[in-house]
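The values are calculated or read from the model by the stated rules, or taken from the named source; none is laboratory data. Quick caveat, the model's predicted, so the values are computed rather than measured. Here Cβ is always computed from backbone atoms with ideal geometry, including for glycine, and neighbour counts include all displayed protein chains. When the accessible area is computed, the model is the full protein with side chains, heavy atoms only, and any ligands, DNA or RNA have been set aside. Shrake-Rupley method; radii C 1.70, N 1.55, O 1.52, S 1.80 Å.
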Amino acid sequence: MKPLGESAITVQFGAEISPFINKKVKALSSKLQHESFFGFIECTPAFASVTVFYDPFIVKQAYGEKEKTSFQIVHAILERMLEVLVEDEESKPRIVEIPVCYGNDFGPDLDFVAAHNNLSADEVIHLHASAEYPVYMIGFAPGFPYLGGLSEKIHAPRRPSPRTSIPAGSVGIAGSQTGVYPISTPGGWQLIGRTPMALFRPDRDQPSVLSAGDIVKFVPITKEEYDQYQERWQ
């Protein structure tokens, strides 16, 4: 554990993207949400860590340990949580299906990904849409999901020069990961399709449709179905 400024602490479980490590991340995040301490503000799960944000003044007032800093108090609280941390093997993650129209104007890099892997475009689509992707974390941009589980057969490098603007809903591949751009933003991922589903909705209490721990399934759709979905989700 290490401090992140004066009001946050990061619990590091490892240094790699791993389902085993991510189970620990999800377990601690869940425990903090259900058994928070005085002064707790929120926690942010990542691939292999959880950052815990707290109010140092409330922590000091609540636990009254004058000889200790708020960081030391929170550190001790988290250590006790980790000692009894139980990874819930029985809990079933939420499955979110995301419709995607692959190729053409929606996926201008689909042919590149196919050629890079000596596959046809249809084979790339099949491989991409046949997997289940755990959401490891939300980051980079509001609602942007970092997903695990991409088939090695369709790994592809980032573009040598990032695009200055990528349409919201674009589905991309970068290295061993795939993800969805929930808002229009610059980016260097290889774009293979687009979803009409709005993954970031700032007018809602929970703006991000996806959360760490969810499972994503991509469902291929036609251009006509894309237009119908767009009317539904907008």
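Note on the stretch 95-142: residues that are under 13 Å from Gln190 (Cα atoms) and of a type in the set (A, V, I, L, M) amount to 5. Within the stretch 202-229, the only residue that satisfies the criterion of being without any contact (Cβ under 8 Å) to a residue 40 or more places away in the chain and open to solvent by less than 70 Å² (accessible area, probe 1.4 Å) is Asp227.
Set side by side, the residues Thr44, Thr51 differ, and just one is hydroxyl-bearing (Ser, Thr, Tyr) and open to solvent by 40 Å² or more (accessible area, probe 1.4 Å), which is Thr44. Within the stretch 125-153, being out of contact with any Leu (no Cβ under 6 Å at 6 or more places or on another chain), open to solvent by less than 10 Å² (accessible area, probe 1.4 Å) and hydrophobic (A, V, I, L, M, F, W, C) holds for Phe144, Leu147.
Being touching a strand residue (DSSP E or B) at 6+ places or on another chain (Cβ under 9 Å) and outside any strand (DSSP E or B) is a description that does not apply to Pro99.
To keep it simple, each residue is scored yes or no on (1) of a type in the set (Gly, Ala, Ser); (2) without any contact (Cβ under 8 Å) to a residue 24 or more places away in the chain; (3) open to solvent by 20 Å² or more (accessible area, probe 1.4 Å).
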{"position": "Ile17", "(1), (2), (3)": "no, no, yes"}
{"position": "Glu35", "(1), (2), (3)": "no, no, yes"}
{"position": "Ile58", "(1), (2), (3)": "no, yes, yes"}
{"position": "Leu78", "(1), (2), (3)": "no, no, no"}
{"position": "Val86", "(1), (2), (3)": "no, no, yes"}
{"position": "Ile95", "(1), (2), (3)": "no, no, yes"}
{"position": "Asp109", "(1), (2), (3)": "no, no, no"}
